[in-house]
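In what follows, a single structure is set out as structure tokens and then discussed.
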Amino acid sequence: MKSSIQKYKDPAGHRKRLRDLFLRSGREGFPDYELLELLLTYSLPRIDTKPIAKALLHKFGSVVNVFQQPNERLQEVSGVGPKTITFFRVFQDCLIRCTEVQVENQRSISGPEDLSAFVGIKYIAGYQTAPISAITYFAEVARIEKYKNTGKYIVYFKNRASKLGPVKLSGKDKGLAPQAPRYTTFRRLKSAKTIGDVF
């Protein structure tokens, strides 16, 4: 795809229009490819980023999936090199840092809309109520994809789930039994002795 690596003849005007439109309307005024196109302009200042953005979405399906790809998969797209991959990783880690702050404020995930916002999800743990009430397994997340137009998501694991703990619900954890998806850090999960230590 030669157009993705050719120098852009007049980036200033188009990019300024993109930036101005984004500042006025936010993401609601942008299709996914334009969001990604605008983001790419900060790592590729002299290249037409629209073909690269469209190629990434065509190959991986969504903005979330783009950020969840390993480096070697991203490099399969013409125009994506170490500079862009580094930019993506720094951007992604900034988002993860934001979610960690939300965790400290005890924010919970109440539905799939919240789940889709947390692009930094790395692990999922399972809570059971019988024969004991405890978190007993966890798995590393490979990617999360929407399932058609159902409002549901498919979670793909990198490997089989691993045993954990058990991290039991103790008598002091009244009201903390997970009733819906909750968000925490992997460090807190791994070091927890009871559910109260996790959340």
Original post:
If you take the residues of region 2-37 that are closer than 23 Å to residue 64 by Cβ and part of a loop (DSSP other than H, G, I, E, B), which of them is modelled with the lowest pLDDT?
Top reply: 30
Original post:
Which of (1) out of contact with any Leu (no Cβ under 6 Å at 6 or more places or on another chain); (2) in a helix (DSSP H, G or I) does residue 66 not meet, given it meets every other one?
Top reply: (1)
Original post:
Which one of the conditions (1) in a strand (DSSP E or B); (2) over 27 Å from residue 97 (Cβ atoms) does residue 172 fail to meet, given that it meets all the rest?
Top reply: (1)
Subject >> Whichever residue in region 106-137 is small (Gly, Ala, Ser) and in contact with a strand residue (DSSP E or B) (Cβ under 6 Å, 6 or more places away or on another chain) and, among such residues, is modelled with the lowest pLDDT >> reply: 108
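Residue-wise test of (1) within 19 Å of residue 60 (Cβ to Cβ); (2) surrounded by fewer than 13 Cβ atoms within 10 Å (Cβ to Cβ); (3) touching a residue at least 12 places away in the same chain (Cβ under 8 Å); (4) within 22 Å of the chain's Cα centre (by Cα).
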| position | (1), (2), (3), (4) |
| --- | --- |
| 126 | no, no, yes, yes |
| 133 | no, no, yes, no |
| 137 | no, no, yes, yes |
| 146 | yes, no, yes, yes |
| 152 | no, yes, yes, yes |
| 155 | yes, no, yes, yes |
| 161 | no, no, yes, yes |
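Does residue 30 qualify as being without any contact (Cβ under 8 Å) to a residue 60 or more places away in the chain and surrounded by fewer than 16 Cβ atoms within 10 Å (Cβ to Cβ)? Can you show your working first?
Working: without any contact (Cβ under 8 Å) to a residue 60 or more places away in the chain: yes; surrounded by fewer than 16 Cβ atoms within 10 Å (Cβ to Cβ): no.
No; evaluated as a whole, the condition is false for this residue.
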Subject >> Filtered residues of region 38-49 (kept if in a loop (DSSP other than H, G, I, E, B) and more than 20 Å from the chain's Cα centre (by Cα)) >> reply: 41, 44, 45, 46, 48, 49
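The values are calculated or read from the model by the stated rules, or taken from the named source; none is laboratory data. All values derive from a computational prediction rather than experimental measurement. Reconstructed Cβ throughout: ideal geometry from the backbone, glycine too, with neighbour counts over all protein chains shown.
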